[in-house]
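Bear in mind that the values in this text are calculations on the coordinates, not laboratory data. Please read these numbers as outputs of a predicted model, since none were measured by experiment. Here Cβ is always computed from backbone atoms with ideal geometry, including for glycine, and neighbour counts include all displayed protein chains.
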Amino acid sequence: MSSIIKRLPSTERLQQVKKITAEIFGANWNPTNARNGAKILRQPLKGPEVASYYGVNEATPSFKDFKEWFPELKLVDPKEAYRLKMVEDRKKRNKGAPKKKSK
């Protein structure tokens, strides 16, 4: 009984097969394994998904909107009033922002 030894295909032949496979299936052909952005570019865009995470910002009116819509009520935003008070306190303790240069 004779033993038949099967030979493996050469590396050149394997490279040709990989190249043709990439062309057929639309994959990226990168024989040198150089780093490129193909993996990132294949992924779907994340922009719309990230932007819609918090919902539509214009849907809820802010305090500023109410202040604009009803100026006769003279509404005072408590957060803004607190911020202004803190800025004034810091200035009294010489911790405020430096004065801008005058021309």
Kindly provide the helix-only [θ] at 222 nm of the chain, computed as the sum of -39,500 (n - 2.57) over DSSP H runs of four or more divided by all residues, to the nearest 500 deg cm²/dmol?
-13000 deg cm²/dmol
State which entries of Lys46/Lys67; Lys6/Lys39; Lys79/Lys100; Lys64/Lys91 exceed 30 angstrom in Cα-Cα distance in the structure shown.
Lys46/Lys67; Lys6/Lys39
Output the 0 to 90 degree angle, nearest 10, between the alpha-carbon long axis of helix 78-92 and the longest principal axis computed from the alpha carbons of the chain.
80 degrees
All-pairs alpha carbon distance profile, the chain, 10 Å steps from 0, percent:
10, 15, 14, 15, 11, 10, 11, 8, 4, 3, 1
Toy charge model, Lys and Arg Cβ at +1, Asp and Glu Cβ at -1: the chain dipole around Cα centroid in debye, rounded to 20, equals 980 debye
